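Each remark here refers to the structure printed beneath this line.
The values are calculated or read from the model by the stated rules, or taken from the named source; none is laboratory data. Everything numeric in this text was worked out from a predicted model, so none of it was measured. Glycine also receives a Cβ, built like all others from the backbone with ideal geometry; neighbour counts cover every protein chain displayed.
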Amino acid sequence: MKQSLFTVDYNVKLTFDVYKMRLVGDTSDITKPGQFINIKLDGFYLRRPISVFDCDESAVTIIYKVVGEGTEYMASLGKGKTLDVLTGLGNGFDVEKCGQKVLLIGGGVGVPPMFYLAKKLLSAGKTVSMIMGFNKESEVFAKEDFEALGIKTLVTTVDGSVGIKGFVTNAMDEVEYDCICTCGPEPMLKAVYDASKTTGFFSFEERMGCGFGACMGCSCKTKYGNKRICKDGPILVKEEIIW
């Protein structure tokens, strides 16, 4: 974990409540896809944990949803704003253990961390497919980003306004895979867990206090004892999960 200052390069609106922000700064502690950053905001006590959408040597890109006062404040930030950021948080996905034909599944704001993971998997010579789930067409974002990587990308919407009607599990039979990596709300993760017939890695979304394992506020039970989502997670192996 590293604490350093980042500068907003851009902060653009993707949908009615989803934004994309690029932060320029030291990204050397972001070593695995699936890790997250924790942003300090002026006037707010707790930092905001946000997953990494993309990363290079000089900047990290995040996609976040406005769900409260903190993220509403984030949406107001313009180019040049300096932010105090903790980087390199969480265990991340182990690309080497992800199988050869990897199915990525993201629901809502569980979609963003799948993009950086897809890039790393492709660089490792693996075959990658993506399923993204939303409630309706107006909520869809980042589809073009995944398609630009040249991977099979399927969209599901609950109301059927675009793509496959239903949930992400309705599209799983459309893809050949030997491993699943997924991130999203817990009901979706449980549905994917029940529908999958292979091993998998599940990234959990959880409210956090400190974000680096000190406060124990995000601990959960696993088959191997209690684990902290912020430090021992957010990625858990399918075989260790207790629902």
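Does region 120-162 hold any residues that are buried (at least 17 other Cβ atoms within 10 Å of the Cβ) and of a type in the set (Lys, Arg), and which are they?
Hits for region 120-162 are LYS120, LYS126, LYS143.
Which numbered condition trips up MET21, out of (1) within 19 Å of SER203 (Cβ to Cβ); (2) out of contact with any Phe, Trp or Tyr (no Cβ under 6 Å at 6 or more places or on another chain)?
(1)
So GLY34 passes all but one of these: (1) touching a Gly at 6+ places or on another chain (Cβ under 6 Å); (2) surrounded by fewer than 24 Cβ atoms within 10 Å (Cβ to Cβ). Which condition number does it fail?
Against the list (1) touching a Gly at 6+ places or on another chain (Cβ under 6 Å); (2) surrounded by fewer than 24 Cβ atoms within 10 Å (Cβ to Cβ), GLY34 comes up short only on (2).
Can you tell me which residue among SER58, SER28, SER51 is surrounded by fewer than 14 Cβ atoms within 10 Å (Cβ to Cβ), touching a residue at least 24 places away in the same chain (Cβ under 8 Å), within 26 Å of LYS231 (Cβ to Cβ) and of a type outside the set (Phe, Trp, Tyr)?
Step by step, each of SER58, SER28, SER51 is checked, and only SER28 is surrounded by fewer than 14 Cβ atoms within 10 Å (Cβ to Cβ), touching a residue at least 24 places away in the same chain (Cβ under 8 Å), within 26 Å of LYS231 (Cβ to Cβ) and of a type outside the set (Phe, Trp, Tyr).
Residue-by-condition table, conditions (1) touching a strand residue (DSSP E or B) at 6+ places or on another chain (Cβ under 9 Å); (2) modelled with pLDDT of 75 or more; (3) part of a helix (DSSP H, G or I); (4) farther than 21 Å from VAL52 by Cα:
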site	(1), (2), (3), (4)
ALA191	no, yes, yes, yes
SER203	yes, yes, no, no
GLY209	no, no, no, no
MET216	yes, no, no, yes
ASN226	yes, yes, no, yes
LYS231	yes, yes, no, no
LEU236	yes, yes, no, no
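Count, please, the residues in region 134-179 that happen to be basic (Lys, Arg) and either part of a helix (DSSP H, G or I) or touching a residue at least 60 places away in the same chain (Cβ under 8 Å) (or both).
1
Every residue in region 93-149 that is of a type in the set (Gly, Ala, Ser), touching a Phe, Trp or Tyr at 6+ places or on another chain (Cβ under 9 Å), modelled with pLDDT of 95 or more and within 22 Å of THR198 (Cβ to Cβ), please.
GLY106, GLY107, ALA118, SER129, GLY133, listed by residue number.
Given the criterion among the aromatic types (Phe, Trp, Tyr), in contact (Cβ under 8 Å) with a residue 40 or more places away in the chain and under 18 Å from ILE229 (Cβ atoms), identify the matching residue among PHE93, PHE115.
Only one candidate qualifies: PHE93.
Filter region 1-23 down to the residues that are surrounded by 14 or more Cβ atoms within 10 Å (Cβ to Cβ), of a type outside the set (Ser, Thr, Tyr) and within 23 Å of ALA118 (Cβ to Cβ) and list them by number.
Those that are surrounded by 14 or more Cβ atoms within 10 Å (Cβ to Cβ), of a type outside the set (Ser, Thr, Tyr) and within 23 Å of ALA118 (Cβ to Cβ): ASP9, LEU14, VAL18, LYS20, MET21, ARG22, LEU23.
Do you know which residues across region 61-85 are among the basic types (Lys, Arg) and buried (at least 17 other Cβ atoms within 10 Å of the Cβ)?
Result: LYS65, single match.
So in region 113-133, with the set limited to residues that are among the hydroxyl-bearing types (Ser, Thr, Tyr) and not in a helix (DSSP H, G or I), which one is nearest to ILE180 (Cα to Cα)?
So, considering only residues that are among the hydroxyl-bearing types (Ser, Thr, Tyr) and not in a helix (DSSP H, G or I), the one nearest to ILE180 (Cα to Cα) is SER129.
Confirm whether LEU103 is assigned by TED's automatic domain parsing to the domain that holds GLU174 and outside any loop (DSSP other than H, G, I, E, B).
yes
Is it true that LEU77 is in the same structural domain as LEU46 (by TED's automatic domain parsing) and not charged (D, E, K, R)?
Considered against the rule, which asks whether it is in the same structural domain as LEU46 (by TED's automatic domain parsing) and not charged (D, E, K, R), LEU77 comes out as yes.
Please go through region 1-57 and pick out each residue that is within 24 Å of ASP94 (Cα to Cα), within 19 Å of the chain's Cα centre (by Cα) and in a strand (DSSP E or B).
PHE36, ILE37, ASN38, PRO49, ILE50, SER51, ASP54, CYS55, listed by residue number.
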